[in-house]
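A short worksheet on the structure shown next.
The values are calculated or read from the model by the stated rules, or taken from the named source; none is laboratory data. Here the structure is a predicted model, which means the values were calculated and not measured. Cβ atoms come from the backbone with ideal geometry, glycine included; neighbour counts cover every protein chain shown.
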Amino acid sequence: MKYALLMRGQHQAEDDIVARHRDDLALVKTAETLGFDAVGRAAHYSTAPLQMVSQVPFLAQAAALAPRLRLITSVVLLPMQKPLDIAEQLASLDVMSEGKLIFGAGVGYREVEFKSFGTSYKEAGRRFEENLDAVKRLWTEPSVTMKGSHFELDAASCSVSPVQKPMPPIWIGANAEVGIRRAARMADAWFIPPHGTFTTLDQQLDLYKRALEKNGKPFPADLPIIREVFVADTWEEAMRRAGPPLAAKYAAYHSWGQDKVMPSQDHFDRNFEDLAADRFLLGSPDQVAEQIVALRRRFGATWLCAGVHLAGMSHAEATEQMHRLAEQVFPLVARAGA
């Protein structure tokens with residue numbers, strides 16, 4: 001199992017964002033010291049009541065501070081981009097990191113974001129696919145002529161090419177069935193989001209395997225999964241300490257409409273104990289290690305992208321969580337052969 005520190009960088013509106021950004025960068029350096037394999041960065045626009053530093057600049061700074069770590073865009077909201085711009089930004093990140101970029105991409109779901117970029121959720125699937133096709137071509141062809149619904153490339157070329165050949169790994173994040181099929185068809189892996197229950201993931205993984213078979217593709221060598229993680233001495237302590245920030249975070253997601261594009265049984269409008277059940281990795285080191293081993297054996301996951309730093313959580317708490325994971329949980333997982 002490989003481990004990524006997922007940095008959402010979502011902070012309360014009243015926080016000193018300069019200080020919080022400094023803390024986030026310290027967590028990146030800690031991740032490298034503790035033996036994590038990668039750092040991932042989320043992306044959203046218009047994030048009230050939370051504030052966050054943008055994805056690509058953050059990862060560029062992380063590449064300089066922690067050069068051993070892989071960089072994961074988790075995820076680029078691709079329908080809101082212009083393909084030449086995002087192709088050059090991400091190729092530049094691959095160069096800055098000397099070939100360590102993993103391109104995570106997703107459709108998005110918030111109308112405030114779509115409208116701000118002159119599009120809508122109804123157009124998102126088509127724009128995602130044509131943008132991804134264009135990015136792939138820009139990364140692998142010296143000159144691209146292509147007309148999309150919202151762009152035209154006329155003998156266009158990428159100003160810098162990725163170090164990784166033919167291109168960085170592509171992971172597509174998706175909650176809906178159409179997106180999971182798209183991941184099987186267009187990407188190197190389905191980037192499993194943090195929101196769905198494990199019961200739902202059982203059904204979705206079966207769908208993913210069938211879609212891979214239909215497209216003549218093997219099960220991927222790397223299968224990444226994002227999960228919220230909190231390690232404490234006991235399950236009760238983990239629930240008590242992680243409950244308030246996670247409940248507030250998922251209340252914000254509910255207000256943004258995240259669960260409206262998910263299977264209905266996985267909605268967020270419930271008490272925290274019900275929300276956490278079959279969804280988050282919470283408990284003692286032994287309990288969390290058992291849950292990680294189960295992800296490997298039940299779903300074939302090879303990457304855990306761990307969300308350990310929650311809005312409202314102190315820097316000291318986040319640092320403590322990283323140490324507990326690296327020093328108490330990861331060795332237990334390794335001893336279990338996962």
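Against the definition (under 30 Å from A318 (Cα atoms) and either assigned to a loop (DSSP other than H, G, I, E, B) or touching a Leu at 6+ places or on another chain (Cβ under 8 Å) (or both)), how does F230 come out, yes or no? Against the criterion (under 30 Å from A318 (Cα atoms) and either assigned to a loop (DSSP other than H, G, I, E, B) or touching a Leu at 6+ places or on another chain (Cβ under 8 Å) (or both)), F230 qualifies.
To keep it simple, each residue is scored yes or no on (1) within 22 Å of I180 (Cα to Cα); (2) of a type in the set (G, A, S); (3) assigned to a loop (DSSP other than H, G, I, E, B); (4) modelled with pLDDT under 95.
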site	(1), (2), (3), (4)
A124	yes, yes, no, no
R127	yes, no, no, no
E130	yes, no, no, no
D133	yes, no, no, no
L138	no, no, no, no
P142	no, no, yes, no
D154	no, no, no, no
C158	no, no, yes, no
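Would you pick out the residues in the range 18-65 that are among the polar types (S, T, N, Q), under 17 Å from the mean Cα position of the chain (by Cα) and buried (at least 16 other Cβ atoms within 10 Å of the Cβ)? Within the range 18-65, T47, Q55 meet the criteria. The C-beta contact set for the range 251-276 (first residue closer than 19 Å to M239 by Cβ, second residue polar (S, T, N, Q) and at pLDDT below 75, distance under 9 angstrom, 6+ apart or interchain) comprises F268/Q258.
Quick one: which of V333, V293, V288 is over 21 Å from the mean Cα position of the chain (by Cα), surrounded by 17 or more Cβ atoms within 10 Å (Cβ to Cβ) and either on the phi > 0 side of the Ramachandran plot or assigned to a helix (DSSP H, G or I) (or both)? Before you say what the answer is, go through the steps one by one.
On the way: V293 fails: over 21 Å from the mean Cα position of the chain (by Cα); V288 fails: over 21 Å from the mean Cα position of the chain (by Cα).
On inspection, the qualifying residue turns out to be V333.
Reported count of residues in the range 229-251, each being of a type outside the set (A, V, I, L, M, F, W, C) and buried (at least 22 other Cβ atoms within 10 Å of the Cβ), is 1.
Of all the criteria given as (1) at pLDDT 95 or above; (2) part of a helix (DSSP H, G or I), the one not satisfied by A318 is (1).
Return yes or no: is T234 modelled with pLDDT under 95, more than 22 Å from S74 (Cβ to Cβ) and hydroxyl-bearing (S, T, Y)?
Working: modelled with pLDDT under 95: no; more than 22 Å from S74 (Cβ to Cβ): yes; hydroxyl-bearing (S, T, Y): yes.
Considered against the rule, which asks whether it is modelled with pLDDT under 95, more than 22 Å from S74 (Cβ to Cβ) and hydroxyl-bearing (S, T, Y), T234 comes out as no.
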